[in-house]
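Worksheet: the structure to be examined is printed underneath.
Since every read-out is calculated from the coordinates, none of them should be taken as a lab result. Computed from a predicted model, the values in this text were never measured in an experiment. In this analysis, Cβ positions are derived from the backbone assuming ideal geometry, glycine residues included, and neighbour counts consider all displayed protein chains.
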Amino acid sequence: MTETPQRHTIACYVASPALTRGTRSALRRLGYDLLPAVVRGRWEDASWRSDVRLVDERHIARVPRDTTPLVVLAGNPERRWNNERIVGAVGRPADLDSLYPLLQRALEAHPRAAARAPAQIAARGNIGDRRFDAQIVTLSQRGCRIETAQALEPGTDLNLSFPLPRSELLTLRGTVCAAVCGTDPAHAAIVFSDVDAAPRRAIADYVQRRLATA
């Protein structure tokens, strides 16, 4: 990712163990700065402005009563909340995969459903009987961007196989949604379809690790 993300401040009213390892660093890379609220006045201080408050369900009543959106860490994330400030809830410990779409929903006019990370992954594509080599340069659970010598047209269905650390070889079905041909290499954006839980989890883990360490 070459673009510089807009930065947002997240007031964090949860202890560090409530987040999985690497979550804070990955969110920072994406433009979300988690600021422990204790450094500004843990509960009652409403004199500083945050874009979102991340709070444990046990302490919702203690956060300042303003219009700032809330993301809640809950024992049961499916619980219904009678509080219009609550954007949504995630389980403990929270990771990038669960927090990112809620932060996007709270802050962005056109929210993304999944975070993406820069990548350098060799891949093999199949279009019917045709095979081609590619390099994945960004990856998310929803799709990827590739570089390849193969000319690709929007609307083309294909299979893409690639390895991930700590995972078996993944083979995913996808559709080309955008392509730039006539360059060397060509570029194409691919949207995955019908991704099962195991590869979706493998990609989510890769994205979090990649963002946390990049």
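Full extension of the chain between residue 68 and residue 35 gives 10.4 nm of extra length, using 0.36 nm per residue less the Cα-Cα distance. Counting only DSSP beta bridges with both residues in the chain, the antiparallel share comes to about 65 percent. Rounded to whole numbers, the Karplus 3J(HN,Hα) couplings from phi for the range 69-77 are x, 10, 10, 10, 8, 9, x, 10, x Hz, using 6.51 cos²θ - 1.76 cosθ + 1.60 with θ = phi - 60°, and x at Gly and Pro. Testing the spin-label approximation: label points 7 Å from Cα along Cα→Cβ at residue 153 and residue 166. State their distance in nm. With each label point 7 Å from Cα toward Cβ, the separation is 4.1 nm. Placing unit charges on the Cβ atoms only, positive for Lys and Arg and negative for Asp and Glu, gives the chain a dipole magnitude near 700 debye about its Cα centre. Shape analysis of the chain yields a ratio of the Cα radius of gyration to the Kirkwood radius, Rg/Rh, of 1.05. Only alpha carbons enter this Debye calculation for the range 8-107, each as an equal point scatterer, and the log10 of I(q)/I(0) it gives at q = 0.13, 0.24 Å⁻¹ is -0.38, -1.50. Sorted on the mean count of surrounding Cβ atoms within 10 Å across their residues, most packed first, peptides 24-37, 76-89 read 24-37, 76-89. Taking 0.36 nm per residue of separation and subtracting the current Cα-Cα distance, fully stretching the chain between residue 110 and residue 197 would add 28.8 nm. Highest mean packing comes first when the peptides 133-144, 160-171 are listed by Cβ atoms within 10 Å, giving 133-144, 160-171.
Remark on residue 138: its backbone amide H falls under 5 Å from those of 119, 145, a criterion applied only to residues 5 or more positions apart or on other chains, H modelled at 1.01 Å from N.
Applied to the range 145-160, the Karplus parametrisation 6.51 cos²θ - 1.76 cosθ + 1.60 on θ = phi - 60° returns per-residue 3J(HN,Hα) values of 10, 10, 10, 7, 7, 7, 6, 10, 10, x, x, 6, 8, 8, 10, 10 Hz, with x for Gly and Pro.
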